[in-house]
Each structure stands twice: as C-alpha cells, then as structure tokens.
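Asks: Please read through the structure below; I'll follow up with questions.
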Amino acid sequence: MALATAPGFPPGAQLWPLVNICAITPAAIAGALLLVRRPDNPIGALLLGAAGLMSGTDVLGWYALAGAAMPTPWPGAAAAAVGASVLFDAATITALVLVPLVFPSGRLISARWRVVVWFVPIVLMLDFAGTALEDGPLRVNGLDNPFGKAGLDPLADVLLAMAVTLASICLVAAVGALWTRFRDGSRTTRQQLKWLVAVAGLGAMTVPLSAIAPSPILADLLAAFGLLMFGAVPIAIGIAVLRYRLYDIDRLISRSIGWAIVTATLVGAFALLVLGLQAVLEPLTGGNTLAIAASTLVVAALFQPLRSRVQAAVDRRFDRSRYDGERLLAAFGERLRDEVDLTTIRADMLSTVDAAVRPARVGLWLRHGPEESGA
C-alpha cells in the first residue's frame, strides 16, 4: 500500500485489493468448486481461467504502475503495462462471452455457435497485435510503448478497430445465446438463467448510476454495491449450475423490486412533504424542524400499508407461483372452517396440494385406530 501513495501513482489504486477480493476470489472459489463437483462442465475451468488472467493483470499492472511512479522507471515497466492490458481483455472476453455461451449446461446450443468461439482467439490476437504496435504513451502508466512504431500507427488502429468490432459481435452473440436458452429452455433452465441475469443486471445498472450520482458519497456507495454485485456473479453461476436453492431467485427478485419501489416512493413522498410543510410552516415556526418531524411521522405511517400493497402487486407479477400457492392455501383454510365431511376434506386437500405445489405424486394417509389406510 505504500506504493499507492508514491508520487505519480494514480489515484484510486488503493482500491485494487478490494477489487481483488470482490471479483477474483469469488470467481476462483466458484470455479474450483464447479471443477470438483461438475468436472464435465467447462464453466468451472472458464471461471478459474478468468480469475487467473485477472490475477496476472493485477500483478503486471501493479509492477507497471509502481515502476512508472519511481524517479527512475523500473526495467520492463512499459512491457508489463502492455501485458496487463492484454490479459485484462482476455479475462473480460472469457467471462462475458465464453461463459454465457455455454451457461448453464456447459455445451453450446448447436454447432452453429462454434463460429463465436472461433472469433475469440482472433479477437485476442488482433488486440495483442494492435496494443503492441500502437505508438505513444500507454494508458496504464503513461510510459512510451516499447514495441510501438510510429510508421505502424495506422495498422495498429485498424487492428484494434477490428478487435473491437469482433468483440462487440461476440458480446451480442453471448446475450443472444442466453435469450435463446431462456426462450426455448425448460423451467429449470430458466431458473438457472434468472440467477445469472438478476445478479449481473444489478451490477450493470448500478455502475452507470454511480457515474451520475448527485453526491460523492452516493456515487461511492453505488460503485461499491455494483462491485459487490459483479463479484457475486460467479457465486450466482455456481448456485445455478449446482442447482442449489434454485427456485429462491423468484422470491429474491420480487422482494428486491418491492423494496426498491417502496423506498423510492417513500423518499419522494418525504422530500415533497418536507418542502411543502416547510413552505407552509416556516412563517409560523421560523425553521424546518417541525416540517421534518411531521414528514417523518407521515412516512412512517405509510410504510407498512404501502409495503404490503406493493409487495402483493410485485409478487403477482414476478413470483406468481408462490403467490398462487399462498392464495390457494388461504382459500383452503377458509373452506376448512365450515367443512365437517372427512371425504370432502380429503379430496379438497389433495386437489389443493396438487394445484399449489404441483408434485409428481400426491397421497394422504389417515390413521384409524391401530391401523392405517392410504388414499
């Protein structure tokens, strides 16, 4: 950490250890676990590979930055910067293209998708050649590129443009693969995809919001949350592939959306009430303390009824199976209070369980004295 405070060392480098903990470590752990538990599925190896490439990026990047920050640059600091840039791009395309292409089964949808896989090494070769031949200061540490040639700048630009174009095609194809699996997949496959998309989507939405946040504190909080969500993506992949508590994602999505709507509504109501009451009461009180207190009381009174109504509406849309099951059980409880015929109760119970849980088989055993009879 002392290097991070050296003269010329870029600001924000102190956060690199946090990036490592939140991004590299979960990918390595999830990859190793999948490699042991699902050795036939290449996703574990891909996650381990991405973690290894990011670790190499970290080592080379630290050396490049520290070497450039010294009064006399360290030998090889510029070459390390080139290597860090290439390794970062390789880790990114592994995580964002190769993993989605084979998620969650570990196999491509069909042989036609092999074209996208063939594009990946071409992208990496073009990226390496363009980065190595680009003349001028490097983006990582500002040192001059030791491999760059002034006369080859146009060629480097063409190679990098081709790499970016092919990488964009690969990213679109990866998203298309996920959508195709979701559209044509079974219920289990859709639940697996929900784990990946829900966690990655939160991170993808949070990062742009941190860039336009009105205050530095809020920007830092959003950036930290986005970093945690991206770090949680390998964990979500592990849960999806291993099918551990797979159907909990519906409840997590509905609860997250419900709390987000409630929070945004209450914050907006609080702000409007404070401004409105302050304008009304300021001539009488000379301050805004009473307006804030009254607004707090109103928002507190609105919280529980608003949360109940919003959550019920969200559950109907995003957690429909659970909502329907709870509704069926509640209706059965109402009928049970007025029913006394055992045969009717038994038939109603079996039909309710079948409709709410949809098991492959359902049975009810009733004890009559020392003997048992089944139905």
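Asks: Quick check on segment 85-100. Is at least one of its residues in the same structural domain as TYR63 (by TED's automatic domain parsing) and farther than 28 Å from VAL241 by Cβ?
Replies: The initial filter retains those residues of segment 85-100 that are in the same structural domain as TYR63 (by TED's automatic domain parsing), namely 85-100.
Then keep just the ones that are farther than 28 Å from VAL241 by Cβ; that gives 85-86.
Checked segment 85-100: at least one residue is in the same structural domain as TYR63 (by TED's automatic domain parsing) and farther than 28 Å from VAL241 by Cβ.
Asks: Report yes if some residue within segment 135-151 is in the same structural domain as LEU60 (by TED's automatic domain parsing), touching a residue at least 12 places away in the same chain (Cβ under 8 Å), crowded, with 17+ Cβ neighbours inside 10 Å and part of a helix (DSSP H, G or I); otherwise report no.
Replies: Looking for residues that are in the same structural domain as LEU60 (by TED's automatic domain parsing), touching a residue at least 12 places away in the same chain (Cβ under 8 Å), crowded, with 17+ Cβ neighbours inside 10 Å and part of a helix (DSSP H, G or I), one finds none in segment 135-151, hence no.
Asks: Filter segment 113-162 for residues that are in contact with a strand residue (DSSP E or B) (Cβ under 9 Å, 6 or more places away or on another chain) and of a type in the set (A, V, I, L, M) and give the result.
Replies: Of all residues in segment 113-162, those in contact with a strand residue (DSSP E or B) (Cβ under 9 Å, 6 or more places away or on another chain) come to 135-138, 143-145.
Of everything in segment 113-162, those that are in contact with a strand residue (DSSP E or B) (Cβ under 9 Å, 6 or more places away or on another chain) and of a type in the set (A, V, I, L, M) turn out to be LEU138, LEU143.
Asks: Need the failing condition index for THR92 against (1) at pLDDT 90 or above; (2) within 23 Å of PRO234 (Cβ to Cβ), just the number.
Replies: Going through the list (1) at pLDDT 90 or above; (2) within 23 Å of PRO234 (Cβ to Cβ), THR92 breaks only (1).
The values are calculated or read from the model by the stated rules, or taken from the named source; none is laboratory data. The structure displayed is predicted, hence computed values, not measured ones. Here Cβ is always computed from backbone atoms with ideal geometry, including for glycine, and neighbour counts include all displayed protein chains.
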